[in-house]
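What follows is a single structure, written as structure tokens, with notes after it.
The values are calculated or read from the model by the stated rules, or taken from the named source; none is laboratory data. Source: prediction; values computed, not measured. Note: ideal-geometry Cβ built from the backbone for every residue, glycine included; neighbour counts use all protein chains shown. Ligands, DNA and RNA are excluded from the accessible area calculation, which covers all protein heavy atoms including side chains. Shrake-Rupley method; radii C 1.70, N 1.55, O 1.52, S 1.80 Å.
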Amino acid sequence: MKFTKMHGLGNDYVYVDTFAETVTNPRALAVAMSRPHYGVGADGLVLIGPSAEADFAMRMFNADGSEGEMCGNAARCIGKYVYERGLTRKTRLTLATRGGTKALELQVSGGRVERVTVDMGEPTLAPAGIPVDLPGDVVQDHPLVVMGRTWAITCVGMGNPHAVIFVDDPQSIDVHGIGARIESDPLFPNRTNVEFVRVVRRDLLEMRVWERGSGETLACGTGAAASLVAAVMHGAADRRAVVRLAGGELLIDWDAHSNRVHQSGPAAFVFDGVWLEA
């Protein structure tokens, strides 16, 4: 089975073109291929395929085999893949995901996709839609005790669930310990992604992320979007800001008129390979 490894700011996935390849058990394949040393090594598996309602469809599976609703970095990589591999000549595409259909705009120069902007849709703030098992219209600064400390969580849905926590220094946080506990907290019926965010300036956020099903990753597009939304809710940031992650920077724009969040950043090929299935 042929595959391609790509990354968006270091958030790396194995991509399989299901127009040409057949994947019968994507959950097991995600675990096997994502495994460092024994597999390809990645944050998960992404399948690119046909869609009845969009130009293409995406299914993404985390490193633990669980299926996610949406991945912003993967969406950008798919935009680059389908254009540069000749599956489309469009520079404006639609992509069907479990988190809804997303619109992609490709910045092309010399036949190469240099940057992709993804319309992430409107953020979900109602607890039932995220989902998070709490009452009220929004979850903002809800106290959650983890590892002997109270964390103020703000919950945002970006097609998938996020718990955003504002901290003085994300680099000093035990992301692995705290992130794993919050991910699986009973408050979150479908588990959650966890972002630790510092507001550097109104137009610049710094973020570390614990991704549901994969652990700490170098970047998370939906997490960056959720972090900006949460920062705006707190009155701490402008609606257009750069989010600085371990793997690089994303530009996030939450439009006041349409209420839609746009995420813009690069995508890159790493290598092509052949998976020798047992």
What's the number of the only condition in (1) open to solvent by 20 Å² or more (accessible area, probe 1.4 Å); (2) more than 21 Å from ASP255 (Cβ to Cβ); (3) in contact (Cβ under 8 Å) with a residue 12 or more places away in the chain; (4) of a type outside the set (A, V, I, L, M, F, W, C) that PRO135 fails to meet?
(3)
Residues satisfying the stated conditions in the range 69-86, i.e. assigned to a helix (DSSP H, G or I), under 15 Å from LYS5 (Cβ atoms) and open to solvent by 10 Å² or more (accessible area, probe 1.4 Å)
LYS80, TYR81, GLU84
LEU95, sole failed condition from (1) over 19 Å from ALA219 (Cα atoms); (2) surrounded by fewer than 22 Cβ atoms within 10 Å (Cβ to Cβ):
(2)
At least 3 residues that are surrounded by fewer than 24 Cβ atoms within 10 Å (Cβ to Cβ) and in contact with a helix residue (DSSP H, G or I) (Cβ under 6 Å, 6 or more places away or on another chain) in each: list the strands (runs of 3 or more DSSP E) lying fully within the range 211-273 that qualify.
none
Considering only the range 44-61, I want to know if a residue exists there that is in contact with a helix residue (DSSP H, G or I) (Cβ under 7 Å, 6 or more places away or on another chain), within 26 Å of ASN190 (Cα to Cα), among the small types (Gly, Ala, Ser) and open to solvent by less than 20 Å² (accessible area, probe 1.4 Å).
yes
Within the range 87-97, does at least one residue satisfy the condition of being without any contact (Cβ under 8 Å) to a residue 40 or more places away in the chain, hydrophobic (A, V, I, L, M, F, W, C) and more than 26 Å from LYS5 (Cβ to Cβ)?
no
In the range 98-129, what residues are of a type in the set (A, V, I, L, M), within 19 Å of HIS7 (Cα to Cα) and either modelled with pLDDT of 95 or more or open to solvent by 50 Å² or more (accessible area, probe 1.4 Å) (or both)?
LEU104, LEU106, VAL108, VAL113, VAL116, VAL118
Cβ pairs under 7 Å, 6+ apart or interchain, first in the range 69-85 and under 11 Å from LEU104 (Cβ atoms), second part of a loop (DSSP other than H, G, I, E, B) and open to solvent by 10 Å² or more (accessible area, probe 1.4 Å), ordered by first then second residue, are ARG76/ALA267; CYS77/ALA267; GLY79/ALA267; LYS80/ALA267; VAL82/THR88
Listed by first then second residue, the pairs whose first member lies in the range 230-255 and is under 14 Å from THR154 (Cβ atoms), whose partner is surrounded by 18 or more Cβ atoms within 10 Å (Cβ to Cβ) and aromatic (Phe, Trp, Tyr), with beta carbons under 8 Å and at least 6 positions apart or on separate chains, are ALA230/PHE166; ALA231/PHE166; VAL232/TRP254; HIS234/PHE166; ALA236/PHE166
Anything in the range 142-174 that is modelled with pLDDT of 95 or more, crowded, with 18+ Cβ neighbours inside 10 Å and either part of a helix (DSSP H, G or I) or among the small types (Gly, Ala, Ser) (or both)? List them, or say none.
GLY157, ALA163, PRO170
